Amino acid sequence: MSIEQLQLDLIDYAKSIGVDKIGFTSASPFNELKNRLKRQQELGYQSGFEESDIDKRTEPIKLLDGAESIIAIALAYPSKMEDAPTGKKGARRGIFARASWGIDYHVALRERLKLLEEWLVERVPGVKFKSMVDTGELVDRAVAERAGIGWSGKNCSIITPEFGSYVYLGEMITNIPFAQDSPIENECGDCRLCLDVCPTGALVEAGQLNAKSCVAFLTQTKDFLPDEFRGKIGNRVYGCDTCQTVCPKNKGKINWIHDEFKPDPEIAKPLLQPLLHMSNKEFKSKFGHVSGSWRGKKPIQRNAIIALAHFKEEAAVPDLINIMKKDERPVMRGTAAWAIGKIGGPLAEDALVGAKDVEKDEEVLKEIEKGLMLVMER
């Protein structure tokens, strides 16, 4: 079989297993990307979650001997939720970003890539490959852009004509010299809505993100959230979609395609107060299958406390007082203390004063002081 026919057959097979877009590019170095990553590193804009070796991120040959090409794939995920519950006073709700609706996309993409690997093994003697999704060395967006999946938007997302930016990305380096697809034209034009509405100004300029101030990153951290960002989180318990929801290229892109990505409303928009009491076992049982659970329950619970403060939910104050007094985790005690002050109410001041008398942790004491100051300002 010729490589040309192999490529055509592979495209057909990919579509048959639920791959929404597939593209091909060379395994040559991503030289322009290397320069950008070095600049990001110099500016301190990296999140720390990514591969630290820039050469591995930009030189596929370092990841697979004999690398000739890269296969890029994309799966579309939904932007709308059916029967979405509405939060109300006494029953406030948080929100997981759309990329954490339904089954963990790492699992879904790896399953497809595994099938593509098996398909190639059956047809190409001596085939070599290395697949990756999100946590691999290569930059998914750079591969997808060069393979013609979509263009790199000003919001740092890949935007496809068919599905907008609501796509998951994965890739496979291989030693097969497939024909290359051409990048598609960038259609962002003069639009800068995503830059203008970014809650924290993390989109420094078109295509440049300070990951450390991005709400999506902040919701995944485990320490105290810096003061300047607490008012920006809103009711987000994981991730942020603002730069996608305002994008004109996403208008009308609902993408109810894969049942595995359709969200359970009670998981995607969970009640906040029950989150505060969950054991590890309960958290894994309810949220373990979604990508937003990867950091465990602690960031989700901390964000739930901040969300309750955002709503000024007085009904949550007794729960927050209990956390401030009894939780073994300083971040939870301290964040609860700050939230109690933010919410206020008849119980707040006495509870904070009482906690101040017994708390030993210096960081928690600082948060108690912040809470007391907020109470006094009311």
(request) Count, please, the residues in region 80-95 that happen to be over 16 Å from Ile306 (Cα atoms) and out of contact with any Lys or Arg (no Cβ under 8 Å at 6 or more places or on another chain). (result) 3
(message) Quick check on my filter: what residues within region 35-49 are of a type outside the set (Phe, Trp, Tyr) and either farther than 17 Å from Val143 by Cα or buried (at least 16 other Cβ atoms within 10 Å of the Cβ) (or both)?
(response) Arg36, Leu37, Lys38, Arg39, Gln40, Gln41, Glu42, Leu43, Gly44, Gln46, Ser47, Gly48
(message) Go through region 281-293 and report how many residues are surrounded by fewer than 17 Cβ atoms within 10 Å (Cβ to Cβ) and either within 23 Å of Val215 (Cα to Cα) or touching a residue at least 12 places away in the same chain (Cβ under 8 Å) (or both).
(response) 2
(request) Only residues that are charged (D, E, K, R), crowded, with 17+ Cβ neighbours inside 10 Å and within 23 Å of Ser293 (Cα to Cα): list them for region 111-133, please. (result) Arg112
(request) Just give me the residues in region 291-329 being closer than 18 Å to Thr221 by Cβ and either of a type in the set (Lys, Arg) or assigned to a loop (DSSP other than H, G, I, E, B) (or both), in sequence order. (result) Trp294, Arg295, Gly296, Lys297, Lys298, Arg302, Asp327, Arg329
(request) Could you check Arg93 against (1) more than 26 Å from the chain's Cα centre (by Cα); (2) surrounded by 13 or more Cβ atoms within 10 Å (Cβ to Cβ); (3) more than 19 Å from Gly148 (Cβ to Cβ) and say which number it fails? (result) (1)
(message) Quick test for you: out of Ser2, Ser26, Ser52, Ser47, pick the one residue that is polar (S, T, N, Q) and in contact with a Lys or Arg (Cβ under 7 Å, 6 or more places away or on another chain).
(response) Ser47
(message) Being in a loop (DSSP other than H, G, I, E, B) and either surrounded by fewer than 23 Cβ atoms within 10 Å (Cβ to Cβ) or basic (Lys, Arg) (or both) narrows it down to one residue among Met278, Met376, Met332; which is it?
(response) Met278
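Read the figures in this text as sums done on the coordinates, not as results from a lab. Remember, it's a predicted structure, so these values are computed and weren't measured experimentally. So basically every Cβ, Gly included, is an ideal-geometry build from the backbone, and we count neighbours across all protein chains shown.
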